[in-house]
Amino acid sequence: MGMNSHAVASGLILGIETSCDETAAAVVKDGALALSSVIYSQQVHSKFGGVVPELAGREHERRILTVIRQAIDDAGLKMAKPQIDAVAVTTGPGLAGALMVGVAAAKALSLAWGIPIVGVNHLEGHLFAVHLEQDSIAYPSIMLLVSGGHTMIVLVEEPGKYRVVGQSLDDAAGEAFDKVARFLGLGYPGGPEIEREAEFGDPKAVRFPRALRDGSFNFSFSGLKTAVVTYAKRNADVGVSDIAASFEDAVVDILVEKTLNAAKAFGAHSVALAGGVGANTRLRTVLTSRARTLGVAVYIPSRQNCTDNGAMIAAAGAWRLENFGPSDLGLGAYPSLALP
């Protein structure tokens, strides 16, 4: 069954995303074609080795209008009367102060332009990122949603019908990348830093544990993180690149194994990748090759569409608008929002 069996709002949707440390906006046509996508990644957090919520909110405030203007401009529209049909905005989950900036901006534009507003769940946005690059998707699909804040396996029966079948019981995979990178003296965010270092290392140099091989689809990364730290302290002679490569291998191995086990268990016709860690080259390569041997379709968005962006929010917003109508202007920020 393809995506096209579900109604998607036609016209132009402005998507706004400010759930964490990316200030992003995009204009999407007919729920699938990104006419523009602007992402400003905040640099202010790197010296702290993690996102500082208060600073994130302040940075969003400083950048949001510039980013929206740029997205409108890149789409060949005019800010004064942009012919936008609706504005979609992330309402959660995420950092309260950060979310509030996006919601306030979306409300202001909704009022100024006299257009509907639609609230979007950030996690659903990630699932819709795939639709920006695929005409149709083979459902049911198993989505591996893996980022700094979330690691979950979602059974997507069709758009809007989700079941979380497994998730991390402690750290998200992205969080584990950050913590290990910090310990190894690499920069922040940890994912790209570990990946860069791992290129020079041997992924089989150290056999780190793969947790929860218990038949469930849940993950645990805190034990792996501890194992890496303990090993590095005891084996000062082993190079950082070998440790980074072996750690990355352990994370990718368990992510792919559980995703494909879930695909088998639920009879999925496809698997898809979503979220910031989805930009990891090894994860993309291993998931693609192992899924192909199972004869399952694989959908992997471009790296830009894996990380937080406004286009995925606009795509999800277009679908929500068509199927459920606009949101109320009393819309708020919901930091611990669960997947619908």
### Message
Angle check, please: helix 222-234 long axis (alpha carbons) against the longest principal axis of the chain (alpha carbons), in degrees 0 to 90, nearest 10.
### Response
50 degrees
### Interchain or long-range residues, amide H under 5 Å from Ser36's placed H
Val27
### Query
Put a dot 7 Å past each Cα toward the Cβ at Ser46 and Lys29; how far apart are the dots in nm?
3.6 nm
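Out of the chymotrypsin sites (Phe, Trp or Tyr not before Pro) in region 135-233, which ones are loop residues according to DSSP with at most 15 other C-beta atoms within 10 Å?
On the way: sites: Tyr162, Phe177, Phe183, Phe200, Phe217, Phe219, Phe221, Tyr231; in loops: Phe200, Phe217, Phe221.
Passing both the DSSP loop test and the Cβ count: Phe200.
Can you put Met312, Met152, Met79 in order of Cβ neighbours within 10 angstrom, beginning with the fewest? Please report the intermediate quantities before stating the final value.
Values: Met312 34, Met152 23, Met79 13.
With the fewest neighbours first, Met312, Met152, Met79 line up as Met79, Met152, Met312.
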### Task
Assuming R0 = 22 Å, can you tell me the calculated FRET efficiency for the pair Glu257 and Glu158, based on Cβ-Cβ distance, to the nearest 0.05?
0.30
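Could you pull out the trypsin sites (Lys or Arg not before Pro) across region 154-238 that fall in loop regions by DSSP (anything but H, G, I, E, B) with no more than 14 other Cβ atoms inside 10 Å?
Taking region 154-238 and a limit of 14 other Cβ atoms within 10 Å, the loop trypsin sites (Lys or Arg not before Pro) found are Lys204, Arg207, Arg213.
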#### Entry: Inter-label distance for Glu54 and Asn323, nm, one decimal - labels placed 7 Å from Cα along Cα-to-Cβ
4.1 nm
### Task
Please identify, among Ala236, Ala105, Ala274, the residue showing maximal mean-square fluctuation in a Gaussian network model of the chain using a 10 angstrom Cα cutoff.
Ala236
### Message
Just to be sure I understand: of the beta bridges DSSP finds with both ends in the chain, what percent are antiparallel, rounded to 5?
### Response
60 percent
### Query
Once phi is turned into ³J(HN,Hα) by the Karplus curve 6.51 cos²θ - 1.76 cosθ + 1.60 with θ = phi - 60°, what whole-Hz value does each residue of region 94-101 show in order, with x for glycine and proline?
x, 7, 3, x, 5, 4, 4, 5
### Summary
Residue by residue through region 288-300, the couplings from Karplus 6.51 cos²θ - 1.76 cosθ + 1.60 with θ = phi - 60°, in Hz, x for Gly and Pro, are 4, 5, 6, 5, 4, 5, 7, x, 10, 5, 10, 10, 10
### Query
Once amide H atoms are built 1.01 Å from N in the peptide plane, which residues 5 or more positions from Val118, or in another chain, come under 5 Å H to H?
Val87, Ala88, Val89, Ser327
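Quote the FRET efficiency, to the nearest 0.05, computed for Thr293 versus Arg69 with a Förster distance R0 of 51 Å and r equal to the Cβ-Cβ distance. Mind showing how you got there, number by number?
Working: r = 47 Å, r/R0 = 0.92.
Using R0 = 51 Å, I get an efficiency of 0.60.
Starting from 0.36 nm per residue, how many nanometres of slack lie between Thr226 and Met79 once their C-alpha separation is accounted for?
Numbers: separation 147, 0.36 × 147 = 52.92 nm, distance 5.05 nm.
Between Thr226 and Met79, full extension yields 47.9 nm more.
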### Query
Given springs between every Cα pair under 10 Å in a Gaussian network model of the chain, which of Leu283, Leu144, Leu123 has the largest fluctuation?
Leu283
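Quick check on the chain: helices-only [θ] at 222 nm, where DSSP H runs of length 4 and up contribute -39,500 (n - 2.57) each and the sum goes over total residues. Nearest 500, please. Let's see the in-between values first.
On the way: 10 runs with 139 residues, N = 340.
The helix-only estimate for the chain comes to -13000 deg cm²/dmol at 222 nm.
Here, each number is a calculation from the coordinates, and none is a lab measurement. Note that the coordinates shown come from a computational prediction; the quantities given were computed from them, not determined experimentally. Cβ atoms come from the backbone with ideal geometry, glycine included; neighbour counts cover every protein chain shown.
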